[in-house]
Amino acid sequence: MNNFKTINLNLFQPIVYNKETILQKQDIQSTYQLLIKKLDNSKTASEACINIKYYSEDNISFEINEVGFSDQPDQSVIDAVQNGEEIPLKNYDMEIPPGKYKFIQLPFLPTQENLFVTLMQISCSNNLKAEGNFYLRLLKENSLVILAQVIILLEE
């Protein structure tokens, strides 16, 4: 089993997306694959996010709460990041809200086939409570690489 290295993440601003409502009707593996294809055809720094609800009783199960996508940031966002300023928020209808999180950068991009196993390993290795939510964030780093990150809200 993989031991995923976690770090603490303090978000002071939301990470924002526009909902992809048609994808919310799909299963997680299909949605994931469609988002990977969309990112493959998008510009660098575009990103996608799946807000996943999990249940952990006798078995672990996952369902999609919402799905979002964000195109490559415009120059105002790039300038704000470079200058350490507050990022101007555009119109959005989905977010990873400000808060304290566990952040896991996956050392690989899961395939559609091993996505469920990877999510189960993360759930088990992070001692998640019986039910809750986490975010699977996909970020197009360059023309060849898409990164996968898991963001889990820490208990208050």
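The values are calculated or read from the model by the stated rules, or taken from the named source; none is laboratory data. Just so you know, these numbers come straight off a predicted model, no measurement behind them. All Cβ positions, glycine included, derive from the backbone under ideal geometry; neighbour counts span all protein chains shown.
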Those residues of segment 11-63 which are modelled with pLDDT under 90 and either in contact with a Ser or Thr (Cβ under 7 Å, 6 or more places away or on another chain) or among the polar types (S, T, N, Q) (or both), in sequence order | Thr21, Leu23, Gln24, Gln26, Tyr54, Tyr55, Ser56, Asn59, Ile60, Ser61
So which residues in segment 10-24 are touching a Gly at 6+ places or on another chain (Cβ under 8 Å) and among the aromatic types (Phe, Trp, Tyr), if there are any at all?
-> Tyr17
Hey, among the residues in segment 58-78 that are loosely packed, with under 14 Cβ neighbours inside 10 Å and charged (D, E, K, R), which one's farthest from Thr118 (Cα to Cα)?
-> Asp74
State which residue pairs qualify: first residue basic (Lys, Arg) and inside segment 78-102, second residue outside any strand (DSSP E or B) and modelled with pLDDT under 90 in any location, beta carbons under 7 Å apart, and separation of 6 or more residues or different chains.
-> Lys100/Leu154; Lys102/Asn126; Lys102/Leu154
Identify the residue in segment 9-65 that is hydroxyl-bearing (Ser, Thr, Tyr) and part of a strand (DSSP E or B) and, among all such residues, is nearest to Glu141 (Cα to Cα).
-> Tyr17
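Going by what's in this entry, would Tyr135 be described as more than 19 Å from Ser46 (Cα to Cα), touching a residue at least 40 places away in the same chain (Cβ under 8 Å), buried (at least 18 other Cβ atoms within 10 Å of the Cβ) and among the hydroxyl-bearing types (Ser, Thr, Tyr)?
Details: more than 19 Å from Ser46 (Cα to Cα): no; touching a residue at least 40 places away in the same chain (Cβ under 8 Å): yes; buried (at least 18 other Cβ atoms within 10 Å of the Cβ): yes; among the hydroxyl-bearing types (Ser, Thr, Tyr): yes.
When the stated conditions are applied, Tyr135 does not pass them.
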Of the candidates Lys90, Lys100, the one satisfying the condition of being out of contact with any Phe, Trp or Tyr (no Cβ under 9 Å at 6 or more places or on another chain), charged (D, E, K, R) and at pLDDT 95 or above is Lys100
Which fully enclosed strands (runs of 3 or more DSSP E) of segment 88-156 have 1 or more residues being of a type in the set (S, T, N, Q)?
-> 99-105, 131-140, 146-153
Inspect all residues belonging to segment 85-98 and state whether any of them is surrounded by 13 or more Cβ atoms within 10 Å (Cβ to Cβ) and of a type in the set (Lys, Arg).
-> yes
